Each structure stands twice: as C-alpha cells, then as structure tokens.
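Here is the structure we will look at, set down as structure tokens.
The values are calculated or read from the model by the stated rules, or taken from the named source; none is laboratory data. Quantities reported herein were computed from a predicted structural model and do not represent experimental measurements. Every residue, glycine as well, gets a Cβ built from its backbone with ideal geometry; the counts of neighbours run over all protein chains shown.
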Amino acid sequence: MTSFGDHSRLLTASRPRVLASSYQQLFRDAISAQAIAIPLAMLAVAIAASLIGAGAYVVKVTGQPLSMLVRDANAIAHQPNYFAALEHAEILLMNGAGWIVLFAGLRCRKQAGRFLILGGLLSLLLAADDLYMFHESAWRIHVPEQAVFGLYAVLLVLLVLTNLRYFVGTPFLLLGAALVLFAVAIVIDATDYTPFGLPSGSEDCFELTGICFWSVYFLKCAWDGLTERLATTAEPRA
C-alpha cells in the first residue's frame, strides 16, 4: 500500500514537469499570437508613411520647416501648456466618442450598426474640423464658412432620416440639446453678440457643452447597441 509520504513525493516530483509543460504551452501561444503582427506592422508603416508624406507636401508648399508640423503648437508659439486647454479637451472628447461609436457600429447589426457607423464617422469629421480648423479655413478654397456648417447639417439630417425608425428609440433630446448649443455658439461667433453680459469666448463654452451632450448621446446609443447585440448572441437557439 502506498503511504501518504509516497504520494507527496510523487506530487513533488511531477510538479516540475507540469510547470515545464505549462510554460511550453504559454510560449507556443505567444508565438502563435504573433502571426498577425506582420500584416499589422505593414498597416502601421502605411499609415505613418501617409502622414509623413502629407507633412512633406505641406512643407514643400508652404516652405515651413518640418518642426512646425511635428512640434506642439504651444511650444512653437512659446505659450504655456494650459493655452487652449478646453479646446483640446473637447477635441479629445469628440474624437474618443467617435472611435468608440464607430467600433460599436462595426459590432452591431442592421439599423443600429448603420446608425452608429455613420454617427461615429460624423463625430470624427467634426473632431477633425475642430482640430484642423476646416470651416475657418474654407475661404482659402473660396468656400464660405456657412456652406461647411450647412454640409454638416445635411449629413446629420441624412443620418437621422435614413435611420429614423432606430433614431426615435434613442434619447434624442440629448442630441437636440447639443444642436441648440451649437447653434447658439455659431450665432454668437457670427454676430459678436454675447447675451446676458457673458465674457468674450463664451461661444466656445456653449460649443464645449454641446460636444458633451453630443458625445454622451452617441455613447449611450453605442452602449445600447452593444448590449442588445450581446443579449441576442447569448439567447439559446431553439
């Protein structure tokens, strides 16, 4: 009969073999996971090359040094880091919401997926406009600023109309509040009239608040879409 001590010695002797097998499996899993690294590395190089190529074109056209494109704007202007802090915050918020909503749309189906994909792309477009000042610079190509705002309005109307059945089931009052705040900011900026004795720059506070409403609305839609997708996937098949 095998004693308790014999069992302990057998377990102690087999433990290194178990650990070795576990580490070997871990190593094989790590190697297997790198199979996707090469095509993804090629994608990263392609993105970097596109951005650097665009920068080289701007440098050639404007005659500015490359450092003007890659350094922080406040460092170039010799300004403190808190300059445009709220502007940077609203760009980060809109950009982050746009990517999250776009990802959620790619995971969802039917109208929910289409609505989120288009909403995410529109959010990213607005974030890019805020960052690169598309509407402020449109005059350079003989396009009035109002036409750019009109284009964004048309895109939003098309987003709603093509997904109306899904849209009415969302908390669209949040989106409505965002649009009202955007409209107030545009009117103040166009007329230089600040109501209620508000200080200069208050239009940007309206814009920032509108972006908060916009982002919360689309993030809520993304959450609901993913929750519905997970619930549908978890349902047992008949």
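Quick check: is even one residue across segment 110-127 more than 18 Å from the chain's Cα centre (by Cα), outside any helix (DSSP H, G or I) and touching a residue at least 24 places away in the same chain (Cβ under 8 Å)?
no
Condition check: small (Gly, Ala, Ser), free of Cβ contacts under 8 Å to residues at least 40 places away in the same chain and outside any helix (DSSP H, G or I). Does Gly176 satisfy that?
On the way: small (Gly, Ala, Ser): yes; free of Cβ contacts under 8 Å to residues at least 40 places away in the same chain: yes; outside any helix (DSSP H, G or I): no.
Judged against the criteria, Gly176 is not a match.
Can you spot a residue in segment 21-38 that is within 22 Å of the chain's Cα centre (by Cα) and either surrounded by 10 or more Cβ atoms within 10 Å (Cβ to Cβ) or modelled with pLDDT under 95 (or both)?
Start the filter on segment 21-38 by keeping residues that are within 22 Å of the chain's Cα centre (by Cα), which leaves none.
There is no residue in segment 21-38 that is within 22 Å of the chain's Cα centre (by Cα) and either surrounded by 10 or more Cβ atoms within 10 Å (Cβ to Cβ) or modelled with pLDDT under 95 (or both).
Name the single residue that is surrounded by the most Cβ atoms within 10 Å (Cβ to Cβ) among those in segment 179-201 being without any contact (Cβ under 8 Å) to a residue 24 or more places away in the chain, of a type outside the set (A, V, I, L, M) and assigned to a helix (DSSP H, G or I).
My answer is Asp189.
Every residue in segment 128-162 that is touching a residue at least 24 places away in the same chain (Cβ under 8 Å) and not hydrophobic (A, V, I, L, M, F, W, C), please.
Once the filter is applied, which keeps residues that are touching a residue at least 24 places away in the same chain (Cβ under 8 Å) and not hydrophobic (A, V, I, L, M, F, W, C), segment 128-162 yields Asp130, Tyr152, Thr162.
Checking Val18 against (1) within 30 Å of Leu118 (Cβ to Cβ); (2) surrounded by 10 or more Cβ atoms within 10 Å (Cβ to Cβ); (3) modelled with pLDDT under 90, which single condition isn't satisfied?
With (1) within 30 Å of Leu118 (Cβ to Cβ); (2) surrounded by 10 or more Cβ atoms within 10 Å (Cβ to Cβ); (3) modelled with pLDDT under 90 applied to Val18, the lone miss is (1).
Quick one: Gln64 ticks every box in (1) in a helix (DSSP H, G or I); (2) farther than 30 Å from Trp214 by Cα bar one, so which box is it?
(1)
On the basis of being touching a helix residue (DSSP H, G or I) at 6+ places or on another chain (Cβ under 6 Å), surrounded by 15 or more Cβ atoms within 10 Å (Cβ to Cβ) and closer than 25 Å to Leu92 by Cβ, does Phe206 make the cut?
yes
Would you say Ala138 is more than 22 Å from the chain's Cα centre (by Cα), farther than 18 Å from Phe206 by Cα, surrounded by 17 or more Cβ atoms within 10 Å (Cβ to Cβ) and among the hydrophobic types (A, V, I, L, M, F, W, C)? Give the steps one after another, and end with the answer.
On the way: more than 22 Å from the chain's Cα centre (by Cα): yes; farther than 18 Å from Phe206 by Cα: yes; surrounded by 17 or more Cβ atoms within 10 Å (Cβ to Cβ): yes; among the hydrophobic types (A, V, I, L, M, F, W, C): yes.
So Ala138 fits the description; yes.
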